[in-house]
1. Taking loop as defined by DSSP and a crowding limit of 13 other beta carbons within 10 Å, which chymotrypsin sites (Phe, Trp or Tyr not before Pro) in region 12-92 fit?
2. Once you list every other residue whose beta carbon is under 12 Å from the beta carbon of residue 109, what net charge do they have if Lys and Arg are +1 and Asp and Glu are -1?
3. For the residue pair residue 76 and residue 12, what label-to-label distance in nm results when each label sits 7 Å from Cα along the Cα-to-beta-carbon direction?
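Quick note: the coordinates plus some simple rules give every number you see, no bench work behind them. Keep in mind that this is a model prediction, so the values were computed, not measured. All Cβ positions, glycine included, derive from the backbone under ideal geometry; neighbour counts span all protein chains shown.
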Amino acid sequence: MLSASQIRNRVLQGLATGHLWRLADDRAKAREGISGQCHVCDLPIRRGQVYDLSDTKSPVRIHLECYLFWLHVSGAYQPEPITCTLCRRLIPPHAEKVTVEGEPYHGRCWARRQEEAASEGQSAAQPGSQRSLRRDVMFP
């Protein structure tokens, strides 16, 4: 999966070249049991993570993250989607989020990163250390 800035850049580039169009509203539907290639980032989509745009002539398959960035850039979704620095998956508005040096993580991804750093003998950021750590719980 691409980073948030890479997805945003792909959407902006697609809009500029005509490969993508401005989305007016949320018309995608989750599709179970199929896989495909994402229309935004051109990467494979794993089975069960495919979203289809329903109002197009031919199937347009996209990742959820790519779709939300496309909606956001089109002005149909607020706020801007946030993706985890470690796993590159979407951080839902209701989920626990940890921000370290300006980089967002799922709470569980940050905990995993700390465990891996501890097992390798490295120091992970701690509250009050030189690295900045902020834990947020966001609610809709």
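1. For chymotrypsin sites (Phe, Trp or Tyr not before Pro) across region 12-92 that sit outside H, G, I, E and B with at most 13 neighbouring Cβ atoms in 10 Å, the list reads 21.
2. Counting the neighbours of residue 109, the net charge comes to +2.
3. Distance between the two pseudo-spin positions: 2.1 nm.
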